[in-house]
1. Which pairs do you get when a residue that is within 12 Å of Met88 (Cα to Cα), found in segment 199-210, comes within reach of a residue that is among the basic types (Lys, Arg), reach meaning Cβ atoms under 8 angstrom, with the pair 6+ apart or on two chains?
2. For segment 168-208, which residues satisfy the criterion of being open to solvent by 60 Å² or more (accessible area, probe 1.4 Å), assigned to a helix (DSSP H, G or I), out of contact with any helix residue (DSSP H, G or I) (no Cβ under 6 Å at 6 or more places or on another chain) and not aliphatic (A, V, I, L, M)?
3. Of the residues that sit in segment 125-134 and are within 22 Å of Val99 (Cα to Cα) and open to solvent by 40 Å² or more (accessible area, probe 1.4 Å), which one is farthest from the chain's Cα centre (by Cα)?
4. Cβ-Cβ below 7 Å, separation at least six or inter-chain, first residue in segment 6-27 and within 18 Å of Leu105 (Cβ to Cβ), second assigned to a helix (DSSP H, G or I): which pairs?
5. Can you tell me which of Arg162, Arg139, Arg76, Arg70 is in contact with a Phe, Trp or Tyr (Cβ under 8 Å, 6 or more places away or on another chain) and open to solvent by 50 Å² or more (accessible area, probe 1.4 Å)?
6. Could you list, in sequence order, all residues of segment 25-44 that are in a loop (DSSP other than H, G, I, E, B), hydrophobic (A, V, I, L, M, F, W, C) and open to solvent by less than 60 Å² (accessible area, probe 1.4 Å)?
7. Quick test of your reading of the structure: Ile109 fulfils all but one of (1) surrounded by 15 or more Cβ atoms within 10 Å (Cβ to Cβ); (2) β-branched (Val, Ile, Thr); (3) over 19 Å from the mean Cα position of the chain (by Cα); (4) outside any helix (DSSP H, G or I). Name the failing condition by number.
8. Go through (1) closer than 25 Å to Ile109 by Cα; (2) open to solvent by less than 30 Å² (accessible area, probe 1.4 Å) one by one and return the number of the condition Ile157 breaks.
Amino acid sequence: MGRLRNLPLEGWVGFYFLLYLPNVMITRWVSTTPHAGLGRPLTGLETLPSTLIFNMVLTYLFIWASGWHREANKVRLGGLNVPMPTRMTLLSGIGTALVLFTVPLSFTIRDVSIPFIQLIMRGDILVIAPLVDLLYGRRVRWWSWVALGMVLIALLITLTDRGGLKLPPLALLTVVLYTLGYFLRLAVMNRISKTGDPASVKRYFVEEKVV
């Protein structure tokens, strides 16, 4: 555990990528390989329920096993103390819900490259993140502006090469809802969670995921 605590940010990013890659591959496979009983691949909307239920179960198991639920605001229900979101974490939870269903959905849209739609979605976040910081009077570091510039260049090159955006309506809706979800999350994070207090971070995480 001591080595994990000392793992640099790049190590955590790599670890996250390795854990997430099988999810991307399986989701894409079931949405492109014909299902024996249907004679066609499952659609993105058909794969969503199992994906979201599995995500919810694992998240709740983490909240329970980590003990982070102790930091959340609670209400008394039937003799139990149940974590309860505040108005702000409720809003952030709605944003998270938008993110949680648009990401797996984006892997399943036919004739849309996963790297391309991920570039669009992640690029949008790098565009709005410094804008949200500026909105809340936070200093935006130079490396954030460099990252923003790199993403804008990558988007320009990719869109020029493709001859435009050329995404089906479902893909466009997915990108818009994903961006809206992250805007809500970033706005709430800036307001209530960036205090440097570990307890506030745990409280935010639990209450958001309860939603």
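1. Glu208/Arg185
2. Passing the criteria: Pro169, Arg191, Pro198.
3. Filtering segment 125-134 for residues within 22 Å of Val99 (Cα to Cα) gives 125-133.
Among the residues that remain, those that are also open to solvent by 40 Å² or more (accessible area, probe 1.4 Å) are: 126-127, 131.
On the way: Leu126: 13, Val127: 15, Leu131: 18 Å.
This residue is Leu131.
4. From segment 6-27, the pairs are Val24/Ile114; Thr27/Thr47; Thr27/Thr51; Thr27/Pro104.
5. On the way: Arg139 fails: in contact with a Phe, Trp or Tyr (Cβ under 8 Å, 6 or more places away or on another chain); Arg76 fails: in contact with a Phe, Trp or Tyr (Cβ under 8 Å, 6 or more places away or on another chain); Arg70 fails: in contact with a Phe, Trp or Tyr (Cβ under 8 Å, 6 or more places away or on another chain).
Exactly one residue qualifies, and that residue is Arg162.
6. So the first thing to find is which residues in segment 25-44 are in a loop (DSSP other than H, G, I, E, B), and the list is 31-43.
Still in the list and also hydrophobic (A, V, I, L, M, F, W, C): 36, 38, 42.
Answer for segment 25-44, where residues must be in a loop (DSSP other than H, G, I, E, B), hydrophobic (A, V, I, L, M, F, W, C) and open to solvent by less than 60 Å² (accessible area, probe 1.4 Å): just Leu42.
7. The one condition Ile109 does not meet is (3).
8. Condition not satisfied by Ile157: (2).
The values are calculated or read from the model by the stated rules, or taken from the named source; none is laboratory data. Remember, it's a predicted structure, so these values are computed and weren't measured experimentally. Here the Cβ is made from the backbone with ideal geometry for all residues, glycine too, and neighbour counts use every protein chain on show. For the accessible areas, the whole protein counts, side chains as well, though only heavy atoms, and no ligand, DNA or RNA atoms are used. Shrake-Rupley method; radii C 1.70, N 1.55, O 1.52, S 1.80 Å.
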